[in-house]
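> One structure coming up, written as structure tokens, with questions to follow.
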Amino acid sequence: MKAFEFYMPAHMYCGKDCILENKEVFRSFGKKALIVTGRQSAKVNGAQADIVTALESVGKEWVLFDEIEENPSVETVVRAAEIGKAENVDFVIGIGGGSPMDAAKAIACLVANPEKDSSILFGEPAPHLPVIAVPTTAGTGSETTQFSIVTLHEKRTKSSIAQKIFADASFLDAKYMEKLSSSTTNNTAIDALTHLIEAYLSAKANFFSDKIVEIGLDIFQECMEALQERKYSFEIREKLMMASTIAGIAIAQAGTSLPHAMGYFLTYEKNIPHGRANGILTQAYMELFSDKTKVNKILKHLKMESLEELGEYLKKALDEREEFTMEDVRYYTEEVMKNKAKLASYPYALEAKDLEEVYKKSLLMP
Ligand SMILES: [Fe+2]
């Protein structure tokens with residue numbers, strides 16, 4: 001067996017009403033929370049109200065920043081941190097999909113280092129305030145990963161910050177997902193699937209991460225029909241949340257790989273939701289991957305016969321596709337080739353023509 005390290009410090013509370021049932025947990029945090037979320041969803045799905053109830057029940061103050069956009073920019077994170085500093089908050093709560101949870105981690109670092117500018121996010125390890133995560137989609141896994149992805153407009157893409165920040169507590173309640181649209185449900189679910197696949201095929205995969213992925217794939221498989229039909233029972237919502245969190249545990253060890261590195265450009269340049277961007281690239285990525293034993297194991301867990309069948313499934317589960325040109329393909333390929341850190345998660349030698357082929361198959365062929 002290959003030697004490996006496994007670190008998973010996340011403290012998770014799972015199940016219906018887990019925030020209200022565990023209000024006492026909030027007592028161990030600071031005096032004043034910065035609640036970080038988007039404009040709408042946390043109000044509509046009830047997560048914000050539950051957090052406020054729990055905080056107030058144990059005498060904690062709070063202030064709200066509800067302007068996190070999808071794929072949050074460094075500028076937005078800095079703006080939220082300025083409010084956090086002015087209000088003397090001493091812990092941060094991210095509610096939402098990956099965007100608010102990832103933003104909460106970056107904000108927690110900036111508030112804890114008030115003299116430093118945003119370059120600290122990409123610098124040496126630095127302290128951060130405690131973070132609580134409340135996922136309201138089942139895709140990103142941010143509640144169990146150390147990752148925080150932000151948009152860098154000057155580089156025209158998204159990037160992981162260098163600081164590794166795990167949430168100190170996360171609350172996983174599928175009731176917050178009940179009003180999610182079918183497109184968000186499916187796009188985020190496919191994000192979770194791609195986390196499982198990429199972690200499994202990563203150069204950093206290890207014995208534990210592989211076993212965890214296999215469990216995640218089995219759970220995801222039980223949701224596949226519901227995703228295709230766009231009919232989600234509460235039980236399916238809960239399974240999707242578990243699959244997504246398990247996928248988070250896997251990528252926290254093994255990282256993501258090519259579809260994520262390549263998909264960031266589709267999101268930045270064409271506004272394609274993150275999960276869909278990865279899903280579009282997945283079949284061609286798996287075709288390129290040399291170790292067919294592992295590829296076939298993934299298919300077996302998903303109860304699929306071939307990569308073509310998986311590709312067809314992904315097409316049906318994802319929404320309409322956008323138009324791309326050969327010029328787009330060349331630009332994306334050139335940019336991804338610069339992302340040496342991400343390419344290192346691919347266990348074999350890679351040339352620009354390999355990436356170009358994956359893009360061409362995924363974006364230009366009908
Ligand atoms: Fe992702």
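> Restrict the search to segment 290-366; then list the trypsin sites (Lys or Arg not before Pro) that DSSP places in a loop and that have at most 14 other Cβ atoms within 10 Å of their Cβ. Please list the in-between numbers first.
Values: sites: Lys292, Lys294, Lys297, Lys300, Lys303, Lys315, Lys316, Arg321, Arg330, Lys338, Lys340, Lys342, Lys353, Lys360, Lys361; in loops: Lys303, Arg321, Lys338.
Counting only loop positions with at most 14 other Cβ atoms within 10 Å, the trypsin sites (Lys or Arg not before Pro) in segment 290-366 are Lys303, Arg321, Lys338.
> Is the shape of segment 37-159 best called rounded, prolate or oblate, per the rule: a/c under 1.5 gives rounded, else a/b larger than b/c gives prolate, else oblate, with a ≥ b ≥ c the square roots of the Cα gyration tensor eigenvalues?
Details: a/c = 1.77, a/b = 1.25, b/c = 1.42.
Oblate is the answer for segment 37-159, as a/c is 1.5 or above yet b/c matches or exceeds a/b.
> Return the inverse of the average 1/r over all pairs of distinct C-alpha atoms in the chain, which is the Kirkwood hydrodynamic radius, in Å to one decimal. List each step's numbers first, then the result.
Numbers: mean 1/r = 0.0487 Å⁻¹.
Evaluated over the chain, this radius sits at 20.5 Å.
> Taking 8 Å as the Cα distance limit and 6 or more residues as the minimum spacing, I'd like the relative contact order of segment 12-177 as a percentage.
On the way: 376 pairs, mean separation 43.6, N = 166.
Taking the mean separation of contacting Cα pairs over the length of segment 12-177, I get 26 percent.
> Relative contact order (percent) for segment 182-364, with alpha-carbon contacts under 8 angstrom and 6 or more residues of separation?
Working: 241 pairs, mean separation 54.9, N = 183.
This gives 30 percent for segment 182-364.
> Sort segment 317-366 into rounded, prolate or oblate with this rule: let a ≥ b ≥ c be the square roots of the eigenvalues of the Cα gyration tensor; rounded if a/c is under 1.5, and if a/c is not under 1.5, prolate when a/b is larger than b/c, oblate otherwise. Could you put the intermediate results ahead of the total?
Details: a/c = 2.20, a/b = 1.69, b/c = 1.30.
It is prolate, given that a/c is not under 1.5 and a/b is the larger ratio.
> Kindly flag which residue pairs out of Lys23/Lys164; Lys2/Lys204; Lys204/Lys303 have an alpha-carbon separation exceeding 20 Å in this structure. Display every interim value, and only then the final one.
Numbers: Lys23/Lys164 27 Å; Lys2/Lys204 10 Å; Lys204/Lys303 25 Å.
Violating the 20 Å limit, Cα to Cα: Lys23/Lys164; Lys204/Lys303.
> If you look at just the Cα atoms of segment 186-302, how large are its Rg and its Dmax in Å?
For segment 186-302, the Cα-based Rg and Dmax read 13.4, 38 Å.
> Pairs of alpha-carbon atoms within less than 8 angstrom and 6+ residues apart define the contacts here; what relative contact order does the chain have, in percent? Walk me through the numbers before you get to the answer.
Numbers: 714 pairs, mean separation 56.6, N = 366.
Value for the chain: 15 percent.
> Separate question: Stretched out fully, how many nm does the piece from Glu320 to Ser233 gain, at 0.36 nm a residue minus the Cα gap? Kindly include the intermediate steps, with their values, before the conclusion.
Working: separation 87, 0.36 × 87 = 31.32 nm, distance 2.42 nm.
Roughly 28.9 nm would be gained on extension.
> Given the rule -39500 (n - 2.57) for each run of at least 4 DSSP H residues, summed and divided by the residues of the chain, what is its mean residue ellipticity at 222 nm, to the nearest 500 deg cm²/dmol? Present the calculation step by step, with values, prior to reporting the outcome.
Numbers: 15 runs with 183 residues, N = 366.
Mean residue ellipticity at 222 nm (helix-derived): -15500 deg cm²/dmol.
> Then there's this: In segment 58-150, what trypsin sites (Lys or Arg not before Pro) fall in a loop by DSSP, with at most 15 other Cβ atoms inside 10 Å?
Numbers: sites: Lys60, Arg79, Lys85, Lys105, Lys116; in loops: Lys60, Lys116.
Counting only loop positions with at most 15 other Cβ atoms within 10 Å, the trypsin sites (Lys or Arg not before Pro) in segment 58-150 are Lys116.
> With both partners inside the chain, how many of the DSSP beta bridges are antiparallel, as a percent to the nearest 5?
15 percent
> Still on this structure, please answer the following. Which lysines have a Cα less than 16 Å from the Cα of Lys300, not counting those fewer than 8 places away in the same chain?
Those lysines meeting the cut-off are Lys211, Lys292.
> Select from segment 1-97 those chymotrypsin sites (Phe, Trp or Tyr not before Pro) which occupy a DSSP coil region and have at most 12 other Cβ atoms within 10 Å, ordered by residue number.
On the way: sites: Phe4, Phe6, Tyr7, Tyr13, Phe26, Phe29, Trp62, Phe65, Phe91; in loops: Phe4, Phe6, Tyr7, Phe29.
Filter output for segment 1-97: Phe6, Tyr7.
> Continuing with this model, one more query. Under a straight-distance cross-link criterion of Cα-Cα below 22 Å, which lysines are reachable from Lys16, leaving out those fewer than 8 residues away in the same chain?
Lys43, Lys175, Lys179, Lys231, Lys239
> Sticking with this structure for a sec: Would you please classify the overall shape of segment 124-177 from the alpha carbon gyration tensor, given that a ≥ b ≥ c denote the square roots of the eigenvalues, rounded means a/c under 1.5, and beyond that prolate means a/b larger than b/c while oblate covers the rest? It would help to have the intermediate numbers written out before the result.
Numbers: a/c = 3.13, a/b = 1.39, b/c = 2.26.
Verdict is oblate for segment 124-177.
Throughout, read-outs are computed from the coordinates displayed, never taken from laboratory work. Everything quoted here is computed from the prediction, not taken from an experiment. All Cβ positions, even for glycine, are placed from backbone atoms using ideal geometry, and neighbour counts span all protein chains on display.
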